[in-house]
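Read-outs: derived from the displayed coordinates by stated rules, not from any lab. Computed from a predicted structure; not experimentally measured. Note that each Cβ is placed from the backbone with ideal geometry, even for glycine, and that neighbours are counted across all protein chains shown.
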Amino acid sequence: MDLLARHLRQPDRAGTRAAWREADRAVRIAVAAELAALAPEAAGEVLLPVLKRLDAARKAVRSQALLTSVVELVPAATRLPSPARELFDDLMEEARTQAARSGPRSWRPEDVLVVAFLRLGAGDPPGRQVDWLRQELRNRGAEHFPTAALAVLHAALGDLAAAEAVAGLPAVPHHRAAALTAVASHLGRVPVRPSPVPGAGGTDSFTRAVQHLALTATPLAAPAPEAALGSLGRVLTTAGWYHALPVLARVAPEAVEAVHEIAAVHLGATARP
């Protein structure tokens, strides 16, 4: 813990503090998630500063922003001891209460997605939320919307056609590949780990949190490797083909060797004078 504290020492310059807080949060969530199963006390110690910052700021934070921030902690909060667990539960209850009091005019897509997954996990169809999200996607456009997260929601609801259609909307190949890979990851029931580097692998922390919510909201769903491979096949045809590799290694490890051979041939060809 002392090593982690030294590594995450807060900078003196005000201009770098926001970036430091983002990096500190990402690292603490990732470390706590890995420690949770084997060393819950240590996980609680690592995550407690993040919880305390949220608690101190919650009265000044919009309800939806609070809900999204708390949900990003869920992968690390499963086995937290007191007082970290009590503080997490209190923050989650407050965030859900505030979100329930808000009206459609103040909704944000990220928060409606969270509510939809929480309803799905409770056995309540999130039809109203899905309808709102579809309309908001049309209004904003795929590049200005959490498109990958909505695609995962459709996959969790069992609508594979809608999931792949939404994931295929981003015009930027990198974004489209990340969205299709997120769908494949859910279909293959591949566990999702928080990343210590914000945005690592092309998937933002919110999408990773949504993928985790999707798995926990559908505990009885069986893996669908063939469907997952269908989505990954589309990823491999884009410039962001490399996004598929971590999930491909889980659902069809033998295919990774074929991708390696293709890449080796390509690299060899481009290296020639």
Take 238, 16, 207 and order them by how many other Cβ atoms sit within 10 Å, fewest up front.
16, 238, 207
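In what order do 51, 87 fall by count of nearby beta-carbon atoms within 10 Å, going from fewest to most?
Going from least to most buried by this count: 87, 51.
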Please identify, among 243, 144, 174, the residue showing maximal mean-square fluctuation in a Gaussian network model of the chain using a 10 angstrom Cα cutoff.
144
For a label point 7 angstrom out from the Cα of residue 37 toward its Cβ, which stretches of region 173-193 have the backbone nitrogen within less than 13 Å?
191-193
Helix-only [θ]222 nm of the chain, DSSP H runs n ≥ 4, -39500 (n - 2.57) each, per residue, nearest 500
-21000 deg cm²/dmol
Pick out, from 155, 117, 256, the residue whose Cα sits farthest towards the positive end of the charge dipole of the chain, with +1 on the Cβ of Lys and Arg and -1 on the Cβ of Asp and Glu.
117
Any chance you could tell me what percent of the C-alpha pair distances in region 26-91 go past 15 Å?
43
Which FRET efficiency value, to the nearest 0.05, do you get for residue 102 and residue 138 by plugging their Cβ-Cβ distance into 1/(1 + (r/R0)^6) with R0 = 22 Å?
0.50
Give the distance, in whole Å, between the Cα centre of region 184-244 and the Cα centre of region 39-59.
27
With no solvent and one equal point scatterer placed on each C-alpha of the chain, evaluate the Debye formula and give log10 I(q)/I(0) for q = 0.08, 0.10 Å⁻¹, two decimals.
-0.36, -0.55
Residue separation times 0.36 nm, minus the C-alpha to C-alpha distance between residue 82 and residue 165: what's the value?
25.5 nm
Difference of contour (0.36 nm per residue) and Cα-Cα distance, residue 89 to residue 256
56.0 nm
Would you mind getting me the FRET efficiency between residue 239 and residue 52? Use the beta-carbon distance for r and R0 = 45 Å, nearest 0.05.
0.60
